[in-house]
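The values are calculated or read from the model by the stated rules, or taken from the named source; none is laboratory data. Only a predicted model underlies this, so the values are computations on that prediction, with no experimental measurement involved. Every residue, glycine among them, receives a Cβ derived from its backbone with ideal geometry; neighbour counts consider all protein chains shown. When the accessible area is computed, the model is the full protein with side chains, heavy atoms only, and any ligands, DNA or RNA have been set aside. Shrake-Rupley method; radii C 1.70, N 1.55, O 1.52, S 1.80 Å.
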Amino acid sequence: HSRNDIGIKEDGRVDLHVRISPDNGCSWGKIRTLIPGKGAESKDFMNVAFGDPCIVADQRTGRVLVMSCAGNVSFPKGNRDHHQCIARFYSDDGGQTWDGPVDIAEGIYEQFDKESPVKAMFIASGKILQSRYVRKGQYSRLYCAVMAKGEDESNRNYVLYSDDFGQSWDVLGGAHRAPIPQNADEAKVEELPGGAVLISSRTEGGGRIFNIYRFDNKRKATGRWGSPVHSSAYNNGIVTKENACNGGLM
């Protein structure tokens with residue numbers, strides 16, 4: 001409706017829509033509204049606009065989780081006291097109906113406050129990853145990438161993980177060290193054979209930045225990040241030229 005991302009246009013409305021496929025993607029149903037933004041009619045900050053959703057369906061139960069940005073301020077203009085919300089939605093009937101939204105931002109931001117404060121955070125659009133190797137309780141672990149703006153205005157990436165299907169999230173490897181500490185942008189995660197976690201970040205100037213988290217103990221999520229590597233034309237890697245790619249990976 002606003003023709004812009006969240007917060008670029010004051011009180012700009014953005015909705016979340018969804019289609020459902022009954023045959024594994026061969027055909028798709030009609031567009032449904034997951035949640036409408038209310039724009040200038042909203043009585044609260046979060047419901048002005050919703051955008052850039054990420055999604056996962058639980059392997060066993062089929063429960064669906066969506067998280068999205070929400071609110072009335074852009075990521076670049078966000079600060080610790082005035083930033084986008086992180087809206088969480090669940091569906092227990094295959095996406096026919098949804099509960100929420102619930103803002104879970106504060107529980108994530110406060111993990112950074114003591115060690116590496118951030119002004120703003122952007123939950124990555126696209127796919128939330130569910131582990132093939134780690135299961136604790138009812139659900140297998142989830143991983144999700146975020147872009148954060150530090151107090152020095154630099155953009156960096158972190159990976160969050162959840163062992164309760166998105167009810168709560170922790171920072172993989174801790175908030176003190178960003179796996180991609182500079183020149184970061186929208187990022188995706190994937191699980192390598194054996195369970196190590198790969199983060200892949202869009203970056204200006206072409207190419208992507210990668211890093212890998214290797215576990216000492218998968219169930220306790222202890223281990224360490226390696227060193228970030230820039231894949232580009234310089235080392236015969238990924239080349240995107242003028243258009244930095246926001247694609248996922250498998």
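When only Cα pairs below 8 angstrom with a gap of at least 6 residues are kept, region 100-151 shows a relative contact order of 39 percent. Computed from point charges on the beta carbon alone (+1 for Lys and Arg, -1 for Asp and Glu), the dipole magnitude for region 104-193 about its Cα centre is near 380 Debye.
When region 170-242 is described by a simple charge dipole with +1 on each Lys and Arg Cβ and -1 on each Asp and Glu Cβ, the residue from GLY223, TYR213, VAL189 located farthest towards its positive end is GLY223. Straightening the chain between ARG19 and VAL229 buys 71.9 nm, computed as 0.36 nm per residue apart minus the Cα-Cα spacing. Relative contact order, percent, of region 189-232 when contacts are C-alpha pairs under 8 Å separated by at least 6 residues? So the answer I get is 31 percent. Less than 16 Å apart at the alpha-carbon level, and either on another chain or at least 8 residues along: which lysines does that give for LYS114? Once the sequence-local lysines are set aside, what remains near LYS114 is LYS149. Let me make sure I get this right: for region 1-148, a, b and c are the square roots of the gyration tensor eigenvalues over alpha carbons, sorted descending. Under 1.5 in a/c it's rounded, otherwise prolate if a/b > b/c, else oblate. Which is it? Note, shape of region 1-148 comes out oblate.
Once the Cα-Cα distance is subtracted from the 0.36 nm per residue extended length, the ASP152 to GLU41 segment shows a gain of 36.5 nm.
Take the alpha carbon gyration tensor of region 160-250, find the square roots of its eigenvalues, order them as a ≥ b ≥ c, and report rounded if a/c is under 1.5; if not, report prolate when a/b exceeds b/c, else oblate. Cα axes put region 160-250 in the prolate bin. For the chain, the dipole from Cβ point charges (+1 on Lys and Arg, -1 on Asp and Glu) about the Cα centre works out to 740 debye, to the nearest 20.
Note: the chain, Cα convex hull, 144 Å³ per residue. Think of each Lys and Arg Cβ as +1 and each Asp and Glu Cβ as -1; about the Cα centre, that makes the dipole of region 1-105 roughly 180 debye. Per residue, the chain exposes 50 Å² of solvent-accessible protein surface, assessed with a 1.4 angstrom probe and all protein chains in place. Placing unit charges on each Cβ (+1 for Lys and Arg, -1 for Asp and Glu) gives the chain a dipole about its Cα centre, and among THR203, ALA70, GLN84 the Cα reaching farthest toward its positive end belongs to THR203.
Loop sites by DSSP among the chymotrypsin sites (Phe, Trp or Tyr not before Pro) of the chain, restricted to those with at most 16 other Cβ atoms within 10 angstrom, leave 46-250 as the longest stretch without any of them.
When the solvent-accessible area of the chain is split by element, carbon and sulfur atoms take up 48 percent of it, the probe being 1.4 Å.
Remark: spin-label model distance GLN138-ALA57 equals 1.9 nm, labels positioned 7 Å along the Cα→Cβ axis.
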